[in-house]
1. Quick one: count up the residues across region 120-175 that are within 30 Å of Asn104 (Cβ to Cβ) and not aromatic (Phe, Trp, Tyr).
2. Would you pick out the residues in region 72-110 that are among the β-branched types (Val, Ile, Thr) and modelled with pLDDT of 95 or more?
3. Out of Ser124, Ser136, report the one residue that is free of Cβ contacts under 8 Å to residues at least 24 places away in the same chain, of a type in the set (Ser, Thr, Tyr) and under 30 Å from Ala65 (Cα atoms).
4. Note down all Cβ pairs under 6 Å where the first residue falls in region 73-88 and is under 14 Å from Phe58 (Cα atoms), the second is polar (S, T, N, Q), and they're at least six residues apart or on different chains.
5. Looking at Ala70, Ala34, Ala66, which one is aliphatic (A, V, I, L, M), in contact with a Phe, Trp or Tyr (Cβ under 8 Å, 6 or more places away or on another chain), closer than 27 Å to Pro194 by Cβ and without any contact (Cβ under 8 Å) to a residue 40 or more places away in the chain?
6. For Ile128, state whether it is of a type outside the set (Phe, Trp, Tyr), part of a helix (DSSP H, G or I) and surrounded by fewer than 22 Cβ atoms within 10 Å (Cβ to Cβ).
7. Out of region 43-62, which residues are out of contact with any Lys or Arg (no Cβ under 9 Å at 6 or more places or on another chain) and either within 30 Å of Val230 (Cβ to Cβ) or exposed (fewer than 15 other Cβ atoms within 10 Å of the Cβ) (or both)?
8. Of all residues in region 16-42 being among the hydroxyl-bearing types (Ser, Thr, Tyr) and surrounded by 18 or more Cβ atoms within 10 Å (Cβ to Cβ), which is farthest from Arg229 (Cα to Cα)?
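The values are calculated or read from the model by the stated rules, or taken from the named source; none is laboratory data. It should be emphasised that the depicted structure is a prediction, and the values quoted were computed from it without experimental measurement. We place every Cβ from the backbone using ideal geometry, glycine too, and count neighbours over all the protein chains shown.
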Amino acid sequence: MPALKMKNANGWRSVLFLLVMAGCLQFVVVSMVAMSFYPGGTYSDNSTAGYAFPQNFFSDLGRTAAHDGAPNSTSMALFIITVCLAGLALMVFFLAVPPHFAGNRTARRLSIIGSIVGVIVGVSYIGIAVSPADASLTLHGRFVYAAFTGFLLIVICYSTAILKSRAYPRAYAFAYFAFAFVLAVYLAVLSSRPDLKTTSGLTVQAVGQKIVVYTGIVCMVIQSWGAYRVEQGRLSQGTPGPEQETRFGRVDG
């Protein structure tokens, strides 16, 4: 009976992790709907019709006017909603997950640092949404840079924390590593400054951005699922500590 009461009291964290997964996945669906409403035009060619997946950026969806000059209100509204929800989902995840690392001092500190950066990244996503590239390009670019580079620090902190703690199977650290590799390659490509005015340069950057974003979504869904499993394992044991031995993996006690 006490264990059942504890499950009812503490199950909210599991619900949060499921909501984070939903918050990540909704971006894929809603952004695709937004693409269908985008009037047309790319950075290098304002005569194209509709959204060109290989040559339009996600940020094009959030412009007040499309590259072809047409109003972009529907696509912009959907973009703001979906990116803000994704940013909130990131913040929820990084605020909810640190207690899983309470049993190891180094892992706990790393998780706190990683979560601080994670909240900043979530805020940056919201900043990206509310600062259209055609109205506030400098601010928009700063939020994009903060979000992408911040994720690298998150990966360093949380992958190390997972390896230090026994709360997670190491596969979740490797998921972070895989995303870090993709992100690092994209940042390296950007450092070479592909020319956005050429079709090839624009395609490299636009496709690269989508690979990074979709890989990031997969990574965070995996991490949210991992946190959910750890939390469920703890609750199934009927114990209040955030880190226990569970059937999902060894954890610090």
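1. We begin by selecting, within region 120-175, every residue within 30 Å of Asn104 (Cβ to Cβ); these are 120-125, 146-175.
If we keep only those that are not aromatic (Phe, Trp, Tyr) as well, we get 120-124, 146-147, 149-150, 152-157, 159-167, 169-171, 173, 175.
Within region 120-175, residues that are within 30 Å of Asn104 (Cβ to Cβ) and not aromatic (Phe, Trp, Tyr) number 29.
2. First, pick out the residues of region 72-110 that are among the β-branched types (Val, Ile, Thr): 74, 80-83, 92, 97, 106.
Residues satisfying the conditions are Thr74, Ile80, Ile81, Thr82, Val83, Val92.
3. Working: Ser124 fails: free of Cβ contacts under 8 Å to residues at least 24 places away in the same chain.
One residue alone meets the criteria, Ser136.
4. Matching pairs, first to second residue: Thr82/Ser31.
5. On the way: Ala70 fails: in contact with a Phe, Trp or Tyr (Cβ under 8 Å, 6 or more places away or on another chain); Ala34 fails: without any contact (Cβ under 8 Å) to a residue 40 or more places away in the chain.
That would be Ala66, the only listed residue that is aliphatic (A, V, I, L, M), in contact with a Phe, Trp or Tyr (Cβ under 8 Å, 6 or more places away or on another chain), closer than 27 Å to Pro194 by Cβ and without any contact (Cβ under 8 Å) to a residue 40 or more places away in the chain.
6. Values: of a type outside the set (Phe, Trp, Tyr): yes; part of a helix (DSSP H, G or I): yes; surrounded by fewer than 22 Cβ atoms within 10 Å (Cβ to Cβ): no.
Criteria not met by Ile128.
7. First, pick out the residues of region 43-62 that are out of contact with any Lys or Arg (no Cβ under 9 Å at 6 or more places or on another chain): 45-52, 55-56, 59-62.
Selection gives Asn46, Ser47, Ala49.
8. In the first step, residues of region 16-42 are kept if they are among the hydroxyl-bearing types (Ser, Thr, Tyr); the result is 31, 36, 38, 42.
Retained after the next criterion (residues that are surrounded by 18 or more Cβ atoms within 10 Å (Cβ to Cβ)): 31, 38, 42.
Numbers: Ser31: 28, Tyr38: 39, Thr42: 43 Å.
Within region 16-42, the match that is farthest from Arg229 (Cα to Cα) is Thr42.
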